[in-house]
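Report on the structure given below.
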Amino acid sequence: MKIPRTTLDEIQRKTDVLDIIGSYVHLERRGSRWWGLCPFHDEKTPSFTVDQKKGLFHCFGCGKGGNVFQFIMDIEGLSFPEAAGLLASKAGVQIEEQSGDSKEQDEHEALKEVMRRISGSFQYILKNADEAETGRKYLADRGLSKDTVDRFKLGYAPAARTWLFNFLKGKRYSEEFLMETGLFSRKYPEITIFSGRIIFPIMNHRGETLAFGGRTMGDGPKYINSPETKIYRKSENLYGLFQALADIRKKREVYVAEGYMDVLSLSQAGVTNTVAPLGTALTERQLHLLKRYANRIILVFDNDNAGVEAAKKAAVLCEKLQIEHRVAAPVDGEDPSDILQKHGAVRLKEEMEETVPTLDFLMTHLEGDTEIKSPEGKQKLAGKLFDYVEAIQSQVKRAAVLEVLADHFHVNIEAMYLDYRSRMNRLSKEESKDAGNRRKTEERIPEDLFLCLALTANHQYFKKTRNLITIDDLHDERARLVFAALEDAFRQDELGLDTVLDRIEDQNLSTLIRTKILSGEFGGESAARMISDTVRSIRLRRLRKQEEDLSWKIRAAEKQNARKTVQELLSEKMYIIEERKKLEESTTSEVS
């Protein structure tokens, strides 16, 4: 949706940046500016400032800044048109769109409106219908108060499977439109997927109902969920986020539980900054969403095998995104809903306040029935944690974690590191072999392959590039194939797109190269800078790897009291560090 410039100017003119930002951040005046604690990162001394006259904000701590549109985009996780729409509604400005996208937007708004109405009907039935007594009793028996039921807008779907269709048809909704809600059978349009169930409305962070979950009061699967629709993506939403958002922002911390009842139970116990994935494992997109509001995540998973595996996968994602994380692990292994029902809200809150480092939780619970004292058991258990170690972005933390693992399993630290590195190299090669067949062309291109595609499109830069990196510096198998083809064509003095493609036997890879190059993505005046920046990144990666390997060799030599070897290794490491620093500080293009 394209919004006219004059409309944007009117929105900005009628919007007081101080009022808008002040509704999210407590601000105090100092001189001509207003100051407060930044909502985008954790801090104790205010470094976030708002200039009311200029209509701008800036944080001297994390560097975020911009106008009121940018603030709403960042704080609410909205696109620019969505942020403009929100501010326009507050300012009383009518947006006249300039594109054909308004039809799709109208469809989305219509879907949200009908979902809101359906949610209201479910709520009314739960509160008033005799048929819903079993649902009311179940919720009460689980220890949930009426306030919690109302806060999360819980409802009840009658057993009659055609009631919803008939009700909505009576409101003049078309059959085609109702199919877009995901609430009806494609084969039998009059049949709703929810019947005889407690209903959990699924909302986005703005409180708009997008979908539903349902728990049976009779036969059938215990829980079912709405399918994905035009307005609902499971991987991009979290149950309870709307209700938890204010507390998450305040505490900069969020509990991630397993399901609907866990969120309700924890909220009932006062742990109101709790959310849950929607019938799937925690996703990277969900964590990106949470990272906007929280600095730390508390994982609340069962102590069974499935719960431990879920915790490990979540921890891997947290490490990749550099989000602090811990685990709340109830002593008796009960889930929050059971604790609330059996022991009450006070006990549940106390259990949630006792958190442990995620690594400690994983080391303890991954052991299971494995004999940790046996060599095979130690190898197996350590291997289960290596993908978590690999996800750690800080080399210092990664080294520290490997030391903790070595101590835990009572093995030599050098042996632990070598086993870890060997396993990771092997897995990397196995993944690379299958990458060409497994990945689709529209997926994000890895750094190594990006460089080789850019060089294929701009082969005049290959001569200088080959003097800076070698094929051994590339991790992606497809990138290695392209680099080898470029090298062979260069040596034969016949560099060109067709001659490089002729040397690549993998048809999937050839198709990918043509598709990407024809898209124009690697052309233009910025090609040299793109290539130079990527070459620098790969060289830095090589130097950091050399630095890390030398650190382990020095550690091993120190334990053997081999002073001469230590001095030689230290000298080599200092040289590598100097080379890395020079490269990091360099602003010169390396290939043009």
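Roughly what angle does helix 413-438 make with the longest principal axis of the chain, taking Cα atoms, 0 to 90 degrees, to the nearest 10? Orientation of helix 413-438: about 70 degrees from the principal axis. Projected label points at residue 347 and residue 43, each 7 Å from Cα along the beta carbon direction, are separated by 4.4 nanometres.
Stretched out straight at 0.36 nm per residue, the stretch from residue 306 to residue 570 would grow longer than its current Cα-Cα span by 90.5 nm. Give the relative contact order (percent, whole number) for region 316-422; include only Cα pairs under 8 Å separated by 6+ residues. Over region 316-422, the number comes to 27 percent. When 15, 181 are compared by accessible area of protein heavy atoms, the largest-first order is 15, 181, using a 1.4 Å probe. Coupling constants for region 60-72 follow from the phi torsions by the Karplus curve (6.51 cos²θ - 1.76 cosθ + 1.60, θ = phi - 60°), and in residue order they are 7, x, 9, x, 5, x, x, 8, 5, 4, 4, 4, 5 Hz; glycine and proline get x. Converting phi to 3J(HN,Hα) with the Karplus coefficients 6.51, -1.76 and 1.60 and the offset θ = phi - 60°, region 321-335 yields 8, 6, 10, 5, 8, 9, 10, 9, 10, x, 4, 8, x, 7, 7 Hz in sequence order, with x at every glycine or proline.
Residues whose amide H comes within less than 5 Å of that of residue 211, counting only those at least five positions distant or on another chain, are 202 (H built at 1.01 Å from N in the peptide plane). Direction-averaged projected area, Cα convex hull, region 261-318: 4.2 nm², rounded to one decimal. What whole-number value in cubic angstrom gives the convex hull volume per residue for the C-alpha atoms of region 45-182? Normalising the Cα hull of region 45-182 by residue number yields 207 Å³.
Isolated cysteines of the chain, defined as having no other cysteine beta carbon under 4.7 Å away, are 62, 318, 452. Here the sum of -39500 (n - 2.57) over DSSP H runs of 4 or more residues, divided by the residues of the chain, equals -17000 deg cm²/dmol at 222 nm, to the nearest 500. Would you please classify the overall shape of region 153-243 from the alpha carbon gyration tensor, given that a ≥ b ≥ c denote the square roots of the eigenvalues, rounded means a/c under 1.5, and beyond that prolate means a/b larger than b/c while oblate covers the rest? It comes out oblate by the Cα gyration axes. Under 37 °C and 0.692 mPa s, how fast does region 193-270 diffuse according to Stokes-Einstein, given a Kirkwood radius computed over C-alpha pairs? Answer in µm²/s, whole number. Once the numbers are plugged in, D ends up at 242 µm²/s.
Sum up the charges of everything whose Cβ sits under 11 Å from the Cβ of residue 301, counting Lys and Arg as +1 and Asp and Glu as -1, but leave residue 301 out. With Lys, Arg at +1 and Asp, Glu at -1, the neighbours total -4.
Taking the centroid of alpha carbons for each part, region 1-48 and region 100-159 are 35 Å apart. Look at where the Cα atoms of region 180-230 and of region 491-564 average out, and the two centres are 48 Å apart.
The heavy atoms of residue 471 offer some 50 square angstrom of accessible surface to a 1.4 angstrom probe. Can you give the Rg to Rh ratio for region 310-377, taking only C-alpha atoms and Rh from Kirkwood? Answer for region 310-377: 1.07. As a length-normalised measure over Cα pairs under 8 Å and 6 or more apart, the relative contact order of the chain settles at 7 percent. Among 403, 253, 568, the order of accessible area from largest down is 568, 403, 253, computed with a 1.4 Å probe on protein heavy atoms. 3J(HN,Hα) along region 468-474, derived from phi through the Karplus expression 6.51 cos²θ - 1.76 cosθ + 1.60 where θ = phi - 60°, amounts to 9, 9, 10, 4, 5, 7, 9 Hz, with x in place of Gly and Pro. Is the shape of region 221-304 best called rounded, prolate or oblate, per the rule: a/c under 1.5 gives rounded, else a/b larger than b/c gives prolate, else oblate, with a ≥ b ≥ c the square roots of the Cα gyration tensor eigenvalues? It comes out oblate by the Cα gyration axes.
Counting only protein heavy atoms and using a 1.4 Å probe, the accessible area of residue 107 comes to about 70 Å². Over the chain, the hull volume per residue, using the convex hull of the C-alpha atoms, is 223 Å³.
Computed with a 1.4 Å probe on the full set of protein chains, the accessible area for residue 26 sits at about 140 Å².
The values are calculated or read from the model by the stated rules, or taken from the named source; none is laboratory data. Computed from a prediction, not measured in an experiment: that's the story for all the values here. Note that each Cβ is placed from the backbone with ideal geometry, even for glycine, and that neighbours are counted across all protein chains shown. Heavy atoms of the whole protein, side chains included, go into the accessibility calculation; ligands, DNA and RNA do not. Shrake-Rupley method; radii C 1.70, N 1.55, O 1.52, S 1.80 Å.
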